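**Student:** Here it is: the structure, laid out below.
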Amino acid sequence: NPLARARYLLAAHTFRQLPSDGGFEVAFAGRSNAGKSSALNALCQQNALARVSKTPGRTQQLVFFDVTPPGIDPAAAPAQARYLVDLPGYGYAKVPQDLQAHWQQFIDGYFGSRQALRGLVVVMDIRHPLKDYDRQMLGYAVRRGLPAHALLTKADKLGRGAQGNALLAVRKELSSAFGDTVSVQTFSGESRLGVEQARTVVAGWLQL
Ligand code: GDP
């Protein structure tokens, strides 16, 4: 598993703090509490890579995890750099408006201009999919011509039949809203359902 070598690299809250824009990266987005940290941990086979409990207000940053192949220094060979990027969870009512505006601008700019960005994973609770934020993030990716992949997480909370129904309903909505550049699967960090499938998508985008 090439994602198992993921190591925390840095957290950026301004453009200047982003690592050099030469390689490949995949961004992860999700509403607060959707299960994004758990999904990252499961994909990378690590217990505490992305902290599972986070504090509102400390969330306005892009966290980079390095998955560059061994023996390559991404600073010396930026084209070989491979990153996973944890986008801040949104959905905290308590974030002040000016911070929200700053964040919006930052994320707009990131999606608009980041050359290294090769794909977006949107993590959604299978019981509450396709909220405004999810659609906004998917819209960013699709407008850039980037592929996106949706994880319907916490699938273990539903029975098999309900999982299948949710998957079909979301797939149908995604294809009518965004066309065929967005794929979707069921997922559970808890039961490990779909972990391998999601890993294959991410590693493929990163050419790992
Ligand atoms: P984040 O805010 O999106 O990073 O969400 P977390 O990964 O911190 O998860 C939020 C809550 O949902 C935590 O209590 C997790 O234990 C729980 N959770 C996350 N993934 C799963 C899952 O696949 N199944 C179940 N049953 N609970 C999950």
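Throughout, read-outs are computed from the coordinates displayed, never taken from laboratory work. In this text the structure is predicted, and so the values were computed from the model without any measurement. Glycine gets a Cβ as well: all are built from the backbone with ideal geometry, and neighbour counts include every protein chain shown.
**Student:** Taking amide H positions as placed in the peptide plane 1.01 Å from N, state which residues far from Ala150 in sequence (5 or more) or on other chains have amide H under 5 Å from it.
**Tutor:** Here Val122, Ser183, Val184, Gln185 satisfy the definition.
**Student:** Which net charge results when you count Lys and Arg as +1 and Asp and Glu as -1 among the other residues whose beta-carbon is under 13 Å from that of Val121?
**Tutor:** 0
**Student:** Can you list the aspartates and glutamates whose alpha carbon is less than 20 Å from that of Lys36, not counting same-chain residues fewer than 8 positions off?
**Tutor:** Within reach: Glu25, Asp66, Asp86, Asp125, Asp132, Asp134, Asp156, Glu190, Glu196.
**Student:** Of Leu146, Leu158, Leu62, which has the largest mean-square fluctuation in a 10 Å C-alpha GNM of the chain?
**Tutor:** Evaluated over the chain, the most mobile residue of the options is Leu158.
**Student:** Quick one: compute the contact order of the chain, relative version, from alpha carbon pairs under 8 angstrom and 6+ residues apart, as a percent.
**Tutor:** Relative contact order of the chain: 25 percent.
**Student:** What does the chain give for Rg and for Dmax, in Å, if only its C-alpha atoms count?
**Tutor:** Taking only Cα atoms of the chain, I get Rg and Dmax of 16.1, 50 Å.
**Student:** What does the helix-only formula give at 222 nm for the chain: each DSSP H stretch with n ≥ 4 adding -39500 (n - 2.57), the total divided by the residues, and the result rounded to the nearest 500 deg cm²/dmol?
**Tutor:** Result for the chain, helices only: -10500 deg cm²/dmol.
**Student:** Pull up all non-local amide H partners of Leu117: gap of 5 or more, or a different chain, and H-to-H distance under 5 Å with H placed in the peptide plane.
**Tutor:** Under 5 Å from the amide H of Leu117: Glu25.
**Student:** Using all alpha carbons of region 73-158, what is the percent of pairwise distances in each 10 Å bin, ordered from the shortest bin to the longest?
**Tutor:** 14, 41, 33, 12, 1
**Student:** How many percent of all Cα-Cα pairs in region 141-202 sit more than 19 Å apart?
**Tutor:** 34 percent
**Student:** Run through all the Cα pairs of region 93-208 and give the fraction in each 10 Å bin from 0, expressed as whole percent.
**Tutor:** For region 93-208, the binned pair fractions read 13, 40, 34, 13, 0 percent.
**Student:** Using a 10 angstrom cutoff on alpha carbons, build the Gaussian network for the chain and name the most mobile of Ala48, Ala29, Ala39.
**Tutor:** Of the options given, Ala48 has the highest mean-square fluctuation.
**Student:** Looking at the chain as a GNM with Cα springs under 10 Å, which of Ser176, Ser32, Ser113 has the largest mean-square fluctuation?
**Tutor:** Ser176
**Student:** Any idea what the dipole of the chain comes to, in debye rounded to 20, about its Cα centre with Lys/Arg Cβ at +1 and Asp/Glu Cβ at -1? Could you put the intermediate results ahead of the total?
**Tutor:** Values: 24 positive and 15 negative charges, 72 e Å.
Charge dipole of the chain: 340 debye, to the nearest 20.
**Student:** Just how far, in whole angstrom, is region 186-208 from region 11-28 if you go by their alpha carbon centroids?
**Tutor:** Each part reduced to its Cα centre gives a spacing of 22 Å.
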